Amino acid sequence: MERIETTILRNLLHNEDYARKVIPFIQPDFFEEKSEKIIFDETVSFITKYDNCVTVEALNIEVENRTDLTAEEVKNIVNISKELNDSPVDSQWLLDTTEKWCRDRAIYLALMESIHIADGNDEKKNRDAIPNILSDALAVSFDNNIGHDYLENYEERYEYYHRTEDKIPFDLEYFDKITKGGLPNKTLNIALAGTGVGKSLFMCHVASSVLLQGRNVLYITMEMAEEKIAERIDANLLNVDIQTLAQLPKIMFENKITDLAKKTQGKLIVKEYPTASAHAGHFRALLNDLALKKSFRPDIIFIDYLNICTSQRFRNASVNSYTMVKSIAEELRGLAVEFNVPIVSATQTTRSGYGSSDVDLTDTSESFGLPATADLMFALISTDELEEQNQIMVKQLKNRYYDPTLNKRFIVGIDRAKMRLYNVEQEAQNNITDSGQVAETVKVLSQSSKTKFNDFTF
């Protein structure tokens, strides 16, 4: 049976299209035999210099002209090259097989390097480098997309316009409206609010609702402990005031969790990182670990919250807050694209935004560059009048899914004891104006009553 290395080398010599697609992803060290490494090196060198595949004859001449090989090594390579005859194979099979071989070899070499570092045998790298080494190896993937030809690929565009996009829907009517049915994959979505308004509550509620849809949820926290986030989700899903949650008898708690497990096929993973210690590289490594160790692939990721992440690009550099926060946002959006999921995070308002009845993009803490990166950005606004009615106002700040001038502001009910959001009576929405007269709006809202949440039954 022919080795995959032989198949790869043969097609590098005879299949120009294949060679151009895979050469950027193959490293010489992927080949175990010295002779195969040399054939690969000479093949790449020839293609780079002459913009064409090397023939067996030219390959042998180049090898014979090398001064770093013994006569026996040259003879061995020439004999191997004679066996690299043109033998067509299915192109897609060949690409898939080569991709798997590259990934397997990259992972093997990364493991060997990690062991070397862990044993203290590497003078240039310490153990802190191991997660990134493994993460890079796990991320090896071919990208065969060379772009969209506008005139030739019109049918693809037409199908795209009429396809049903896979989204993560909300259980909140107006959030579903402004996202046209939910959050699409490969997006970054940001909630802007002051301290204590409800950033974490919002994310915990949405995480809970997505879990009930039977989807997998990853919740990354850097502001609160894993246990505190889990406590909030318990209050939401088990329909118990967070203050009395600890008073539940163990058997009742177990029964509620058991009943909950029967209602969903999804999983929820909560992972804690110390404040300002983690970046997109850590999250990528976590996602790869979860896929390998637990066969867990999230449908949505929550990061609580953006401002207390760090940047992979500037982790050892001193940069201003604008550059840092913008970089974090770009890296998180890149992560969303890489893993084909929506990411939901939050950011703080500036001091002027605290306690304000209206919030704008200028109230974004630390970085005005953040809204430029986000696909959806909205403010959560709380006032004394709204709190009396157990309500918060939502204001659209940026929206790539929907006309942001429609439903620019809307009201959502809030139950802080049970860590829940809910839909309110339509009357509350009818009283909302988009003229900027928020104070008058709040006055009118104070006369409306909240709609009771339909409790879950267990």
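Taking the criterion of being closer than 20 Å to A280 by Cβ, out of contact with any helix residue (DSSP H, G or I) (no Cβ under 6 Å at 6 or more places or on another chain) and in contact (Cβ under 8 Å) with a residue 12 or more places away in the chain, the residues of region 133-163 that qualify are D136, A139, S141. Considering only residues of region 82-112 that are in contact (Cβ under 8 Å) with a residue 60 or more places away in the chain, part of a helix (DSSP H, G or I) and charged (D, E, K, R), which is nearest to I39 (Cα to Cα)? Applying the filter and picking the extreme gives R105. For region 209-219, the candidate set comprises residues that are crowded, with 23+ Cβ neighbours inside 10 Å and touching a helix residue (DSSP H, G or I) at 6+ places or on another chain (Cβ under 7 Å); within that set, the residue that is farthest from P169 (Cα to Cα) is Y219.
Cβ separations smaller than 8 Å between residues 6+ apart or across chains give the following pairs from region 63-76 residues that are touching a residue at least 12 places away in the same chain (Cβ under 8 Å) to residues that are surrounded by 13 or more Cβ atoms within 10 Å (Cβ to Cβ) and polar (S, T, N, Q): V63/S81; E73/S35; N76/S35. Among the residues of region 251-268, are any within 18 Å of the chain's Cα centre (by Cα) and part of a strand (DSSP E or B)? Taking every residue of region 251-268 in turn, at least one turns out to be within 18 Å of the chain's Cα centre (by Cα) and part of a strand (DSSP E or B). Only one of the numbered conditions (1) within 28 Å of the chain's Cα centre (by Cα); (2) not in a loop (DSSP other than H, G, I, E, B) is violated by G147, and that is (2). Could you grab the pairs with beta carbons closer than 6 Å, sequence gap of 6+ or different chains, first residue in region 404-430 and of a type in the set (S, T, Y), second one part of a strand (DSSP E or B)? As it stands, the answer is Y422/G413, since those pairs meet every condition given. Residues in region 288-312 that are surrounded by fewer than 23 Cβ atoms within 10 Å (Cβ to Cβ), hydrophobic (A, V, I, L, M, F, W, C) and part of a helix (DSSP H, G or I): L290, A291, L292, I308. When you look at T350, is it modelled with pLDDT of 80 or more and assigned by TED's automatic domain parsing to the domain that holds D234, yes or no? Here the answer is no, as T350 does not meet what is asked. Apart from one condition, F142 fits all of (1) exposed (fewer than 13 other Cβ atoms within 10 Å of the Cβ); (2) in a loop (DSSP other than H, G, I, E, B); the exception is (1). With respect to the conditions (1) surrounded by 11 or more Cβ atoms within 10 Å (Cβ to Cβ); (2) within 20 Å of I26 (Cβ to Cβ); (3) at pLDDT below 90, Y50 falls short on a single one, namely (1). On the stretch given as region 22-53, residues that are under 18 Å from N65 (Cα atoms) and in contact with a helix residue (DSSP H, G or I) (Cβ under 8 Å, 6 or more places away or on another chain) total 14.
The values are calculated or read from the model by the stated rules, or taken from the named source; none is laboratory data. Just so it is clear, the structure is predicted and the values come from calculations on it, not from any experiment. Counting neighbours? That spans all protein chains shown, and the Cβs are built from the backbone with ideal geometry, glycine included.
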